[in-house]
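Just below is one structure, and these are the notes that go with it.
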Amino acid sequence: MKTIKLNAAIGASVTGLVVLAALVALVWTPYDPLSIGFTDRLAAPSWVHWLGTDEFGRDVLSRLMAAASTSLRISILTVMTAVLLGTIVGVAAGYVRGWTDRILMACNNALLAFPGILLALGLLSIAGANERGIVVALGLAYAPSVARIVRGSVMSLREMDYVAASRIMGNSEFFIIRRHILPNCVAPLIVLATSMFGWAILAESALSFLGLGVPPPAPTWGNMLAASRPFIAHAFWLALFPGLCISLTLLSINLLGDALRDHLDPRMRGA
Amino acid sequence: MSANPLLKVTNLTLRLANGGSLIEGVGFSINAGEIVGIVGESGSGKTLTARAIFSLTPPSIQRTEGSILFEGKEVTQLTPSGLRNLRGARIGMVFQEPMSSLDPSMAIGEQLDEGLALHTRLKTAQRRMRMVEMLTRVSIQDPVSALGAYPHHFSGGMRQRIMLASAMLLHPALLIADEPTTALDAIVQKDVLELMVDLTRQYKTAVLLISHDLPMVARYTDRTIVMHRGRIVEQNTTPELIRVPVEAYTRKLLASMPHRGPVRATSKAPLIEVRNLRVDYPGRGSLFRVRAPKQALKNVDLTINRGEVVALVGGSGSGKTTLGRTIIGLIDPDEGRVLFEGLPTARGSDGWKRYRTECQMVFQDPASSLDPRMTVGALVEEALLSMQNITRATRRERVRETLQEVGLTDALADRYPHELSGGQRQRVAIARAVIRRPALIVADEPVSALDVTVRAQILELFSSLQAQYEFSCLFISHDLGVVEQIADRVVVMRDGEIVEAGERNQIFDKPAHAYTRQLLDAVPRLPNGLAGVTRADLRAVS
């Protein structure tokens with residue numbers, strides 16, 4: 001197709017920008033995001049501090065950039081953990097069926113019964129409030145929904161004629177899972193993983209907001225937003241820019257996810 | 001043709017918004033009380049034409065030209081309320097899928113009442129009487145309680161009778177039936193169609209019967225219109241059209257009809273012996289009660305000899321697919337066994353491994369039997385992956401050869417299944433089955449999803465491959481015409497039991513069992529020895 005898909009283009013460019021900012025922040029930020037300067041407290045956006053400074057005189061742009069790399073890293077690791085765990089459980093339950101299915105799904109449903117954020121809070125109080133703790137807690141909290149989706153896809157896929165055909169050809173069950181089942185689960189998984197990526201950013205922000213996330217002074221979008229509360233009346237930029245970062249990133253990731261799903265499905269190509 | 005036909009369509013042209021033409025200059029007329037058939041393959045525009053009569057075409061499709069006169073009124077000029085008065089009241093419609101054309105959450109009585117309440121001024125009691133009368137007329141048992149029942153309480157055939165009743169309640173002048181019996185068994189199909197013909201004759205309703213099934217249309221209609229690619233190819237009174245088809249496409253359609261194949265000498269050495277097979281499906285039961293298991297197969301015995309094509313026929317639910325799947329090893333029997341070259345083939349036994357490599361299957365719907373994420377080449381190659389001692393290069397070479405054998409060019413090897421036509425897809429499925437040179441192929445309704453002309457080509461391909469490689473074949477089909485063409489021996493099943501088995505000619509000419517006779521009688525067939533239609537017409541360019 002010659003015409004550019006607008007949604008995909010917007011999604012890709014904004015996501016690209018965020019990723020770029022996160023990468024740049026690893027080696028360079030305009031100011032040190034942690035350095036405290038009492039002369040410039042709560043400065044409005046200006047040519048010196050493009051997005052202003054916070055109550056400790058720290059540069060907001062630098063902190064946003066540093067926070068982007070933390071947030072993205074946590075989200076990516078969380079999604080990977082959840083997808084890996086959920087896929088293993090989902091395939092095992094959906095393909096083997098019987099008692100394996102019943103036991104796995106009973107555990108899964110028990111986990112699903114807790115709101116994700118509550119489950120993560122509980123796990124975090126065990127694992128400790130640090131990056132690894134957040135990844136493990138959120139990963140475990142999101143894995144059950146992945147398992148549900150994967151199990152559903154697998155259950156319908158295993159009844160497809162091409163799976164029967166492959167079995168008739170004498171191929172092993174592992175071969176069938178790798179060759180026919182997993183690739184056909186990818187489309188729903190991509191959509192779920194992208195929206196989960198968004199949730200993870202949001203959940204990490206919420207946990208930081210509640211004080212259970214990445215401990216200060218290290219910046220994340222969530223704890224920046226949390227810290228802005230007392231100043232929202234006379235320093236709008238403290239709340240506005242982290243909030244914009246969170247919502248724009250979520251939106252663009254979802255746009256990208258939809259475009260990816262369309263692209264990954266060969267039936268949608270050239271249609 | 002009388003001076004004032006009931007419906008007169010002239011020069012109807014439908015286009016897509018981008019100018020793509022769907023229907024070109026279609027013109028025909030229907031007289032009062034006449035039964036007219038439109039025959040065509042998928043994509044020929046037959047359904048669109050029927051929908052245009054109601055102005056029920058999708059919004060993306062524009063009528064650019066043409067007029068539709070119904071009872072002297074120009075339908076295309078009618079206001080929306082004028083159209084509503086026409087639909088249902090003067091023109092009734094029966095759709096293909098009785099599952100989806102009846103609302104599952106409404107009682108039958110409510111659905112039937114909708115049209116009556118809208119178009120007549122009858123009192124509730126009068127409407128109810130009329131509904132009961134009509135349901136009685138379409139042979140619904142206990143019509144009074146049927147009014148309170150829901151669609152899922154009825155079988156497909158019964159639902160289609162109810163559809164027919166609801167269309168005929170208002171005594172329309174024209175009934176449009178779009179593939180009304182395609183989803184039904186042959187015997188049920190015959191009942192429903194005969195009922196439709198009776199009923200419409202009684203009320204002097206004209207019928208426009210739309211179907212891909214030429215013999216069926218030939219059996220029930222007075223006049224036939226042949227459509228192809230959005231145009232009318234030929235129209236004539238039905239007997240004349242069959243006797244002296246003029247256009248090449250009509251001749252091709254007629255030549256595509258299955259015909260009896262020659263009697264072949266087959267070996268008497270058994271390849272597959274099915275002994276005393278029983279398969280149960282667990283009973284559903286209610287929340288607290290377990291129902292006894294349903295017996296899908298009851299003590300089935302069957303032998304397939306080397307190089308022989310055995311056809312398995314029967315209505316839906318007769319267990320023919322279950323038998324095929326059990327023989328191929330996808331379902332484990334609850335009792336009895338399947339012997340391959342005299343060896344048992346139970347899962348895990350010595351015979352099993354060899355058997356697995358020696359039998360293959362072709363499924364009904366190539367759209368679901370081919371993994372949508374794999375290319376044609378990869379799909380066919382997959383059949384060789386479980387073989388040892390074969391290099392990648394040899395595998396590729398064999399894939400190329402096999403694709404050629406089934407009539408697919410090299411260029412198609414990199415395509416995905418959705419980029420192929422239905423016929424090409426089924427060729428891929430056949431290539432995948434024959435590439436291992438199996439001793440047995442189980443083919444489950446392999447041509448049912450295909451258009452008639454494509455079906456003829458695939459059957460020809462199948463026969464020639466069978467003659468070349470001499471594999472045995474269990475050919476499962478509900479289509480007796482196809483069976484008559486391809487089978488050496490025929491096995492008839494009903495309710496999980498084999499009721500009759502014998503040589504093809506014996507079954508077709510001297511059926512012994514009443515069910516077989518009923519089945520044969522239900523299938524419409526064209527007269528033998530069609531004048532002037534030869535095998536050469538099959539290859540005519542379309």
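The values are calculated or read from the model by the stated rules, or taken from the named source; none is laboratory data. Computed from a predicted model, the values in this text were never measured in an experiment. Ideal geometry is used to build each Cβ from the backbone, glycine not excepted, and the neighbour counts take in all protein chains shown.
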### Task
Scan region B:258-281 for residues that are surrounded by fewer than 21 Cβ atoms within 10 Å (Cβ to Cβ) and assigned to a loop (DSSP other than H, G, I, E, B) and jot them down.
B:H259, B:R260, B:G261, B:P262, B:V263, B:R264, B:A265, B:T266, B:S267, B:K268, B:A269
### Summary
Selection from region B:196-233 of residues closer than 19 Å to B:E247 by Cα and either touching a His at 6+ places or on another chain (Cβ under 9 Å) or hydrophobic (A, V, I, L, M, F, W, C) (or both) yields B:L214, B:V217, B:A218, B:I225, B:V226, B:M227, B:I232, B:V233
### Summary
Scanning region A:177-209 for residues that are at the interface with chain B (Cβ under 10 Å from one of its Cβ atoms) and free of Cβ contacts under 8 Å to residues at least 24 places away in the same chain, the one surrounded by the most Cβ atoms within 10 Å (Cβ to Cβ) turns out to be A:H180
## Note on the structure
Pairs returned, first residue in region A:119-138 that is acidic (D, E), second residue that is surrounded by 20 or more Cβ atoms within 10 Å (Cβ to Cβ) and part of a helix (DSSP H, G or I), beta-carbon separation under 8 angstrom, 6 or more apart or interchain, are A:E131/A:T70; A:E131/A:I74
### Query
Which is touching a residue at least 12 places away in the same chain (Cβ under 8 Å), surrounded by fewer than 23 Cβ atoms within 10 Å (Cβ to Cβ) and hydrophobic (A, V, I, L, M, F, W, C), of B:A411, B:A443, B:A449?
B:A449
### Query
Any residue at all in region B:57-65 that is free of Cβ contacts under 8 Å to residues at least 40 places away in the same chain and assigned by TED's automatic domain parsing to the domain that holds B:T13?
yes
### Task
Would you point out the residue of region A:51-89, among those that are of a type in the set (G, A, S) and more than 22 Å from A:T249 (Cα to Cα), that is modelled with the highest pLDDT?
A:G86
### Query
Under the condition of being surrounded by fewer than 16 Cβ atoms within 10 Å (Cβ to Cβ) and of a type in the set (A, V, I, L, M, F, W, C), which residue from region A:35-55 is farthest from the chain's Cα centre (by Cα)?
A:F38
### Query
Among the residues of region B:155-185, which ones are in a loop (DSSP other than H, G, I, E, B) and modelled with pLDDT of 85 or more?
B:L169, B:L170, B:H171, B:P172, B:A173, B:E179, B:P180
### Message
within 21 Å of the chain's Cα centre (by Cα), more than 25 Å from B:T326 (Cα to Cα), buried (at least 19 other Cβ atoms within 10 Å of the Cβ) and of a type in the set (D, E, K, R): is that true of A:R132 in this structure?
### Response
no
### Message
Return the residues of region A:155-170 that are within 7 Å of chain B (Cβ to nearest Cβ), assigned to a loop (DSSP other than H, G, I, E, B) and not aliphatic (A, V, I, L, M); say none if nothing qualifies.
### Response
A:G170
### Task
Being more than 8 Å from chain A (Cβ to nearest Cβ) and at pLDDT 85 or above is the filter; apply it to region B:350-362 and report the residue that is nearest to A:V186 (Cα to Cα).
B:V362
### Message
Criterion first (crowded, with 19+ Cβ neighbours inside 10 Å, in the same structural domain as B:P446 (by TED's automatic domain parsing) and in a helix (DSSP H, G or I)) does B:I304 satisfy it?
### Response
no
### Count - residues of region B:192-217 that are in a loop (DSSP other than H, G, I, E, B) and either touching a Gly at 6+ places or on another chain (Cβ under 6 Å) or among the basic types (K, R) (or both)
1
### Task
Considering only residues that are more than 9 Å from chain A (Cβ to nearest Cβ) and surrounded by 24 or more Cβ atoms within 10 Å (Cβ to Cβ), look in region B:363-398 and name the one that is nearest to B:I476 (Cα to Cα).
B:V380
### Query
Taking B:S105, is it under 30 Å from B:G315 (Cα atoms), touching a residue at least 12 places away in the same chain (Cβ under 8 Å) and touching a Phe, Trp or Tyr at 6+ places or on another chain (Cβ under 6 Å)?
no
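Listed here are the residues, each with its yes/no results for (1) buried (at least 21 other Cβ atoms within 10 Å of the Cβ); (2) out of contact with any Pro (no Cβ under 7 Å at 6 or more places or on another chain); (3) under 21 Å from B:H478 (Cβ atoms).
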{"position": "B:T136", "(1), (2), (3)": "no, no, no"}
{"position": "B:G157", "(1), (2), (3)": "no, yes, yes"}
{"position": "B:L184", "(1), (2), (3)": "yes, yes, yes"}
{"position": "B:V188", "(1), (2), (3)": "no, yes, yes"}
{"position": "B:V197", "(1), (2), (3)": "no, yes, no"}
{"position": "B:P215", "(1), (2), (3)": "no, no, yes"}
{"position": "B:T237", "(1), (2), (3)": "no, yes, no"}
## Note on the structure
From the option list A:V19, A:V14, single residue qualifying as touching a residue at least 60 places away in the same chain (Cβ under 8 Å) and within 30 Å of A:P188 (Cα to Cα) is A:V14
### Message
Checking B:R337 against (1) surrounded by fewer than 19 Cβ atoms within 10 Å (Cβ to Cβ); (2) more than 30 Å from the chain's Cα centre (by Cα); (3) within 13 Å of chain A (Cβ to nearest Cβ); (4) among the charged types (D, E, K, R): exactly one of these is not met. Which one?
### Response
(3)
### Message
Being of a type outside the set (G, A, S) and either without any contact (Cβ under 8 Å) to a residue 40 or more places away in the chain or exposed (fewer than 13 other Cβ atoms within 10 Å of the Cβ) (or both) is the filter here; which residues of region B:115-132 pass it?
### Response
B:L118, B:R121, B:L122, B:K123, B:T124, B:Q126, B:R127, B:R128, B:M129, B:R130, B:M131, B:V132
### Message
Can you pull out every residue in region B:497-542 that is at pLDDT below 90 and among the small types (G, A, S)?
### Response
B:A522, B:G529, B:A531, B:G532, B:A536, B:A540, B:S542
### Residue under evaluation B:S60, criteria (1) small (G, A, S); (2) in contact with a Gly (Cβ under 9 Å, 6 or more places away or on another chain); (3) loosely packed, with under 13 Cβ neighbours inside 10 Å, criterion not met
(2)
### Query
Looking only at residues in region A:139-161 that are in contact with a Ser or Thr (Cβ under 7 Å, 6 or more places away or on another chain) and modelled with pLDDT under 90, which one is nearest to A:W199 (Cα to Cα)?
A:M160
### Message
Take residues that are farther than 27 Å from B:R201 by Cβ and tell me which of the strands (runs of 3 or more DSSP E) falling wholly in region B:8-125 contain 1 or more.
### Response
B:21-30, B:61-70
### Candidate set: region B:399-422, residues that are among the charged types (D, E, K, R) and under 30 Å from the mean Cα position of the chain (by Cα); chosen: the one nearest to the other protein chains (Cβ to nearest Cβ)
B:E419
